[in-house]
Amino acid sequence: MPWGIDTFHYRNAASDTGNVLVTGFETTSQDALELALSEAGYTWSWVSDDLVVRTYFGES
């Protein structure tokens, strides 16, 4: 696989669905990663430009 997951958190509150937070991917091909995420059928979004994310990582 052309990517690696940096941080992963899963939460399930006794239901048939769960919430997943991945805080980082390392990839050599952003296009391949986007395709794989889309084909997985999960809802996802890029938040790299979000003010909260930039502040958390000290980049604001």
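The values are calculated or read from the model by the stated rules, or taken from the named source; none is laboratory data. Just so it is clear, the model here is predicted, and its values are computed rather than measured. Note that we place each Cβ from the backbone using ideal geometry, even for glycine, and neighbour counts take in every protein chain shown.
Odds and ends about this structure:
- Candidate set: region 11-26, residues that are modelled with pLDDT of 75 or more and touching a strand residue (DSSP E or B) at 6+ places or on another chain (Cβ under 7 Å); chosen: the one farthest from W44 (Cα to Cα): E26
For every residue, the table says whether it meets (1) outside any strand (DSSP E or B); (2) touching a Gly at 6+ places or on another chain (Cβ under 7 Å); (3) among the aromatic types (F, W, Y); (4) surrounded by fewer than 11 Cβ atoms within 10 Å (Cβ to Cβ).
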{"site": "A14", "(1), (2), (3), (4)": "yes, no, no, yes"}
{"site": "E26", "(1), (2), (3), (4)": "no, yes, no, yes"}
{"site": "A36", "(1), (2), (3), (4)": "yes, no, no, no"}
{"site": "T43", "(1), (2), (3), (4)": "yes, no, no, yes"}
{"site": "V53", "(1), (2), (3), (4)": "yes, no, no, no"}
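- Selected residue (criterion: nearest to the chain's Cα centre (by Cα)) from residues of region 12-40 that are of a type in the set (G, A, S) and over 19 Å from P2 (Cα atoms): G18
- Pairing each residue of region 49-60 that is without any contact (Cβ under 8 Å) to a residue 40 or more places away in the chain with any residue that is among the β-branched types (V, I, T) and not in a helix (DSSP H, G or I), provided the two are 6+ apart or on different chains, yields C-beta distances under 7 Å for V53/V47.
- Verdict on V20 being in contact with a helix residue (DSSP H, G or I) (Cβ under 8 Å, 6 or more places away or on another chain), surrounded by 10 or more Cβ atoms within 10 Å (Cβ to Cβ) and among the aliphatic types (A, V, I, L, M): no
- Complete set of residues in region 27-43 that are modelled with pLDDT under 85 and of a type in the set (V, I, T): T43
- Where D49 falls short, out of the listed (1) assigned to a loop (DSSP other than H, G, I, E, B); (2) modelled with pLDDT under 80: (2)
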